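Participant: Take a look at the following structure, please.
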Ligand code: NDP
C-alpha cells in the first residue's frame with residue numbers, strides 16, 4: 001500500500017494537483033501553505049556548486065588491507081592483514097560546472113574516504129601524481145584561467161596559456177594533461193594518486209613520508225580528442241552512467257592501493273624537494289609497495305544527499321596519519337573544509353555520508369544551521385548529546401586522548417615568502433615526454449597546438465621556450481603542429 005502524502009510537518013495532503021483558488025479561474029490564495037511550501041522548498045533545492053570539482057560521481061566500497069603497516073603507523077585501517085574498512089569515493093572533473101560534460105580534457109578528482117574505527121580519513125587526490133602549482137597562494141588565479149572569462153563568459157585559451165607561460169612550474173602537469181591520459185575513458189579506467197606527500201607515524205613516534213598510488217585493475221583506457229568531442233554531444237554524463245551501471249551490474253571496479261615510503265630523515269638529503277607537488281618521487285628511488293585493494297560496490301541511494309553533499313577534506317585525518325609541509329596541501333587543509341562550511345553549513349559533518357560510520361563523534365561544538373540533524377549511525381549527533389558544551393568539565397563529558405598525540409616535527413628556517421621559482425621545473429616533464437611513443441608524442445603536439453595556435457605571439461613564444469627546456473624535440477614538435485593548424 002502507498003504511504004500517505006504529507007506536508008513537511010506530517011499532515012496528510014488532500015489535493016496535490018490543484019492550487020487553492022478563489023473561483024475556478026483564480027486568483028490563488030496566499031493561505032495555500034502547501035503550494036507555498038512546495039515552491040519555497042523547490043527554490044532552495046540547490047546548494048552552491050563547488051567552484052572546482054563541481055561535476056562528480058560517487059560510490060561506496062571496501063578497502064581490504066593485504067599488507068600490515070604497523071611498523072609505519074598506528075592507523076587502524078592500515079593494521080592487520082585482511083582488515084576491511086568501508087570507503088566512499090567521489091570522482092570529478094575540475095574546471096567545468098555541475099552540468100558540464102564528463103569527457104572534458106581536465107584532471108579528474110579522486111577523493112577517497114576511509115570510515116575507520118578512529119574516525120574518517122580522507123585522501124583527496126587526482127588522477128595525476130603532480131599538480132600545476134607548488135603553492136596554494138596561486139590557486140585562485142590558476143582556476144580563474146580554467147573558468148570563463150569574466151567579460152565574455154567564454155572559456156579562454158589565452159588566459160590559460162598566459163598563466164602557464166608565466167608559471168613554468170606547471171610544465172609537468174601540463175604535459176600529463178595534454179598527453180593521451182588527459183581524457184580518461186571512464187572513472188574506472190584511470191589511476192588515482194594522493195598527489196601530495198603525506199605522512200604515517202607509528203607507536204614508537206617515528207614518522208615516514210608517503211605517497212598514495214591507486215592503480216586501476218580495469219586497465220588504463222583513454223579517449224582521443226575526436227572520441228571525446230563526439231561523446232560530449234551524445235552523452236555528457238557518460239562517466240556517471242558507466243560507474244553507476246558497472247556497480248549495479250556487479251562489475252565492481254577495483255584499484256590496487258600502493259605506497260611510496262620515505263623515512264623522515266631522508267627528506268633532508270633527497271635530491272628533490274619531496275614536498276614539491278609538481279614532482280613525483282621516481283619509482284627507482286622509492287618503489288611502490290602494494291598494501292591493499294579498493295573496491296567500489298554500492299551506489300548511493302540519493303545523488304544529492306550522498307554525492308553532492310559529500311564533503312571530503314584532506315584535513316580529515318586519524319591517529320597514525322598526518323600531513324606534510326607541502327605548501328599546496330597546507331592550503332587545501334584549510335580550503336576544503338571551508339568550502340563545505342560555505343556550501344552546506346557548519347554542521348556538514350552531521351550528514352550521513354560525512355559523519356563517522358565506525359565510531360562516534362563527540363565534541364563540544366554546538367549550534368549553527370541544521371544543528372541536531374542527520375547521523376543515523378549512532379542515533380544522536382554530537383551537538384545534541386547532553387547539556388554540557390564546554391571542556392574540560394566535571395560532568396562526564398568527552399575527554400582528550402593524549403595517547404594519540406602526533407610526534408613532534410622539527411621545522412627550521414626563517415619566516416619569509418620564500419621564492420619558490422628557484423625550484424627546477426622541466427626535468428620530469430621531459431622524462432615523461434621521452435617515455436612516450438612517437439604516436440603519443442604526435443598526439444601531444446596536436447593537442448597542445450589546437451589551443452596554443454589561438455593565443456598571442458608573445459604568450460606562444462614564451463610557452464615554446466618552456467617546452468624547449470623540457471626537451472628540444474618537444475618544442476619543435478609543437479612548432480610543426482602549430483604550423484599545420486595555420487595552413
Ligand atoms: P617509471 O618508468 O618507473 O614510471 C613511469 C610512470 O608513468 C608509471 O607509473 C606509468 O603509469 C606512468 N605513465 C605512463 N604514461 C603516462 C602519462 N601519459 N601520463 C601520466 N603518467 C604516465 O618512471 P619514474 O618513476 O622515473 O617517472 C618517470 C615519469 O613518469 C615522471 O616524470 C612522471 O611524469 C611519470 N610518472 C611517475 C610516477 C611516479 O610516481 N614515479 C607516477 C605517474 C607518472 P602506469 O604504470 O600506470 O602505466
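None of the figures in this text is laboratory data; all of them are computed from the coordinates on show. Computed from a prediction, not measured in an experiment: that's the story for all the values here. Heads up, the Cβs are rebuilt from the backbone with ideal geometry, glycines too, and the neighbour counts pull from every protein chain shown.
Participant: Normalised radius of gyration for the stretch 404-487, please: alpha carbon Rg relative to 2.2 N^0.38 Å, two decimal places.
Facilitator: Relative to the 2.2 N^0.38 Å estimate, the stretch 404-487 comes out at 1.60.
Participant: Please compute the contact order of the stretch 93-228 in relative form: average sequence separation of alpha-carbon pairs under 8 Å and at least six residues apart, divided by the residue count, as a percent.
Facilitator: Rounded, it is 25 percent for the stretch 93-228.
Participant: Sort 390-401, 430-441, 110-121, 337-348 by the packing proxy (mean of other Cβ within 10 Å over each peptide's residues), most packed first.
Facilitator: 110-121, 337-348, 430-441, 390-401
Participant: Quick one: divide the alpha-carbon radius of gyration of the stretch 152-301 by 2.2 N^0.38 Å and tell me what you get.
Facilitator: 1.29
Participant: Let me ask something else about it. Can you give the alpha-carbon Rg of the chain over 2.2 N^0.38 Å, where N counts its residues?
Facilitator: For the chain, the normalised Cα radius of gyration is 1.09.
Participant: In Å and whole numbers, how far do the C-alpha atoms of the stretch 347-487 stretch along each principal axis, longest first?
Facilitator: For the stretch 347-487, the Cα spread along each principal axis is 77, 40, 30 Å.
Participant: When all C-alpha to C-alpha distances in the stretch 1-47 are sorted into bins of 5 Å, what percent of pairs does each bin hold, rounded to whole numbers?
Facilitator: 5, 18, 24, 23, 16, 10, 3, 0
Participant: Please compute one quarter of the surface area of the Cα convex hull for the stretch 1-127 and express it in square nanometres.
Facilitator: 14.5
Participant: Using the Cα atoms of the stretch 218-315, I'd like the radius of gyration and the largest Cα-Cα distance, Dmax, both in angstrom.
Facilitator: 19.0, 53
Participant: Where does each of 256, 179 land when they are ranked from fewest to most other beta-carbon atoms within 10 angstrom?
Facilitator: The most exposed by this proxy come first: 256, 179.
Participant: When ranked by the protection proxy of mean other Cβ atoms within 10 Å per residue, highest first, what sequence do the peptides 238-250, 128-140, 307-319 form?
Facilitator: 307-319, 128-140, 238-250
Participant: Between Rg and the Kirkwood Rh of the stretch 68-133, both from Cα atoms, what is the Rg to Rh ratio?
Facilitator: On the Cα set of the stretch 68-133, Rg over Rh gives 1.11.
Participant: If contacts are Cα pairs under 8 angstrom and at least 6 residues apart, what is the relative contact order of the stretch 215-311 in percent?
Facilitator: Reported as a whole number, the value is 35 percent.
Participant: Quick one: which of 360-372, 84-96, 208-220, 474-486 comes out on top by average Cβ neighbours within 10 Å, and what's the full order, highest first?
Facilitator: Going by the mean number of other Cβ atoms within 10 Å, highest first, we get 84-96, 208-220, 474-486, 360-372.
Participant: List the relative contact order of the chain as a percent without decimals, with contacts defined as Cα pairs under 8 Å and 6+ residues apart.
Facilitator: 17 percent.
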